[in-house]
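Below: the structure, in structure tokens.
The values are calculated or read from the model by the stated rules, or taken from the named source; none is laboratory data. Note that the structure is a prediction, hence the values are computed from the model and not measured. Just the protein is used for accessible areas: all its heavy atoms, side chains included, with ligands, DNA and RNA removed. Shrake-Rupley method; radii C 1.70, N 1.55, O 1.52, S 1.80 Å.
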Amino acid sequence: ERVETILADLMKECLQSESLAARRGAAYGISAVVKGSGIASLKKYEVVKQLEEACTNGHSKAKEGALFAIELLCDRLGLLFEPYVIVLLPALLKAFGDGDGYVRA
């Protein structure tokens, strides 16, 4: 499916790109695709699971990208994203305590 391919590409860019602008742009793309394809796409394409793994086990650039995506999903989806934030809370707390200043900011 086209949405799956687009989300996979954006997720890869968001979590693995060396460029801050590319990670931030991909996070905007992820939030736009999820909003356009519906909230069910978060579960269908395991978006939350991938972001949670990046926040807990990834390197600092992956953590920063995941936090960008979570921020923009919260912003774009509002209250619809709230149940997913509860699931992400332990990973978010771990990321906020990261040793890298870019991740904490």
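Before moving on, here are some points about what is shown:
- Heavy-atom accessible area order for GLU71, GLU18, largest first, 1.4 Å probe: GLU18, GLU71
- Per residue, the chain exposes 56 Å² of solvent-accessible protein surface, assessed with a 1.4 angstrom probe and all protein chains in place.
- Sorting GLU64, GLU53 on solvent-accessible area from highest to lowest, probe radius 1.4 Å, gives GLU53, GLU64.
- Calculated from backbone phi, Karplus (6.51, -1.76, 1.60) coupling profile of the stretch 14-30 in Hz, x at Gly/Pro: 5, 9, 10, 5, 7, 8, 4, 4, 5, 5, 5, x, 5, 5, 4, x, 4
- Using the alpha-carbon positions of the chain, Rg (one decimal) and Dmax (whole number) come out as 12.4, 39 Å.
- Share of Cα-Cα pairs in the stretch 37-98 lying beyond 14 Å, as whole percent: 52
- Per-atom-type breakdown for the chain gives carbon and sulfur 57% of the accessible area (1.4 Å probe, protein chains only).
- In percent, rounded to a whole number, the relative contact order of the chain is 28, using alpha-carbon pairs under 8 Å and six or more apart.
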